[in-house]
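Chemist: Take a look at this one; I'll ask things after.
The values are calculated or read from the model by the stated rules, or taken from the named source; none is laboratory data. A quick note: this is a predicted structure, and the numbers were derived from the prediction, not measured. For neighbour counting, all protein chains shown are included, and Cβ atoms are generated from backbone atoms with ideal geometry for every residue, glycine included. Surface areas here come from the heavy atoms of the whole protein model, side chains and all, with no ligands, DNA or RNA. Shrake-Rupley method; radii C 1.70, N 1.55, O 1.52, S 1.80 Å.
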Amino acid sequence: QVQLVESGGGLVQPGGSLRISCEASGRRFSIYDMGWYRQAPGKERELVARVSSSGSVNYEDSVQGRFTISGDFVKHTVYLQMNSLKPEDTAVYYCHAQDASGHHWGQGTQVTVSS
């Protein structure tokens with residue numbers, strides 16, 4: 001089984017920056033895709049950004065140009081650098097990993113953008 005542990009969430013003012021991290025442990029050797037999803041109150045969970053072990057990257061349209069995802073598939077970690085944060089970025093951010101056995105999720109880390 002794969003375990004994912006997120007860190008780095010918190011409160012930040014609009015226009016500020018935050019970096020969240022996720023590290024995989026357990027049977028992590030076959031992970032080939034890692035990323036971040038988020039869920040705001042009353043909304044469905046949505047993909048924010050993902051990166052594959054081959055280097056392909058995808059971003060949700062509203063974060064393109066503001067967020068940067070990076071993944072280290074040797075250390076099995078994934079980072080999300082979030083710049084120019086907006087109140088609408090407020091959500092619980094979940095780390096996601098995919099391997100041969102399926103999908104794995106972290107517990108989530110709260111990101112709140114507010115003055």
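Chemist: At what distance in nm do the modelled label points of residue 47 and residue 100 sit from each other, each positioned 7 Å from its Cα along Cα→Cβ?
Modeler: 2.4
Chemist: So, one more: How high is the FRET efficiency between residue 68 and residue 27 when r is their beta carbon distance and R₀ equals 35 Å, given to the nearest 0.05? Walk me through the numbers on the way to the answer.
Modeler: Numbers: r = 28 Å, r/R0 = 0.80.
The value I calculate is 0.80.
Chemist: Per residue and in cubic angstrom, what volume does the convex hull of the Cα atoms of the stretch 19-71 have?
Modeler: Here the figure is 106 Å³ per residue.
Chemist: Taking the Cα centre as origin and putting +1 on Lys and Arg beta-carbons and -1 on Asp and Glu beta-carbons, what dipole magnitude results for the chain, to the nearest 20 debye?
Modeler: Dipole size: approximately 160 debye.
Chemist: Please report, as a whole percent, how much of the solvent-accessible surface of the stretch 6-115 comes from carbon and sulfur atoms (probe radius 1.4 Å).
Modeler: Answer for the stretch 6-115 is 46 percent, counting heavy atoms of protein chains only.
Chemist: Send over a whole-number figure in Å² for the accessible area per residue of the stretch 25-115, probe 1.4 Å.
Modeler: The answer is 52 Å² per residue.
Chemist: Taking the Cα centre of the chain as the origin and placing charges on Cβ (Lys, Arg +1; Asp, Glu -1), which of 81, 56, 24 is farthest toward the positive end of the dipole?
Modeler: 24
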